[in-house]
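Encoded as structure tokens, the structure appears first; notes follow it.
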């Protein structure tokens, strides 16, 4: 079994933390107001996606790398209203892509995909 690269572990844990914290932070006002708007549902959905990314990155599913990139690309697309947010999200996207698609990570995800089939 191929050992999980530390960078994959760190990214997965960060996604789990961000997704969980974001979900709870956005859920509290929804529960207080007892009203759910379409924007609220979209935000909660994106937080659940982050949690899914984290869990399945840790499990070594190759599709989770691509979902992780799509999640971050979505945040880049949503950041065009602020140059500062755009730069930060693009930087995160590049760093995450670098670590998730390095040869060691690629080997880890390919190996895991073979045993999961």
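Since every read-out is calculated from the coordinates, none of them should be taken as a lab result. Every value quoted in this text rests on a predicted model; they were computed, and no experiment measured them. Ideal geometry is used to build each Cβ from the backbone, glycine not excepted, and the neighbour counts take in all protein chains shown.
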Quiz item: Does segment 6-116 classify as rounded, prolate or oblate by the C-alpha gyration tensor (a ≥ b ≥ c root eigenvalues; a/c under 1.5 gives rounded; else a/b over b/c gives prolate, otherwise oblate)?
Solution: oblate
Quiz item: Counting pairs of alpha carbon atoms under 8 Å apart in space and at least six apart in sequence, what relative contact order in percent does segment 31-117 give?
Solution: 28 percent
Quiz prompt | Top of 73, 25, 97 by mean-square fluctuation, Gaussian network on the chain, Cα under 10 Å | solution = 25
Quiz item: What is the distance in Å between the Cα centres of segment 58-115 and segment 32-50?
Solution: 23 Å
Practice problem: Give the order of 15, 108 when sorted by the count of other beta carbons within 10 angstrom, beginning with the fewest. | Solution: 108, 15
Quiz item: Can you give the helix-only mean residue ellipticity at 222 nm for the chain, where every DSSP H stretch with n ≥ 4 adds -39500 (n - 2.57) and the sum goes over all residues, rounded to the nearest 500 deg cm²/dmol?
Solution: -28500 deg cm²/dmol
Practice problem: Please express the Cα-Cα pair-distance distribution P(r) of segment 39-80 as a list of whole percents, one per 10 Å bin, running from 0 to the bin with the greatest distance. | Solution: 30, 51, 18, 1
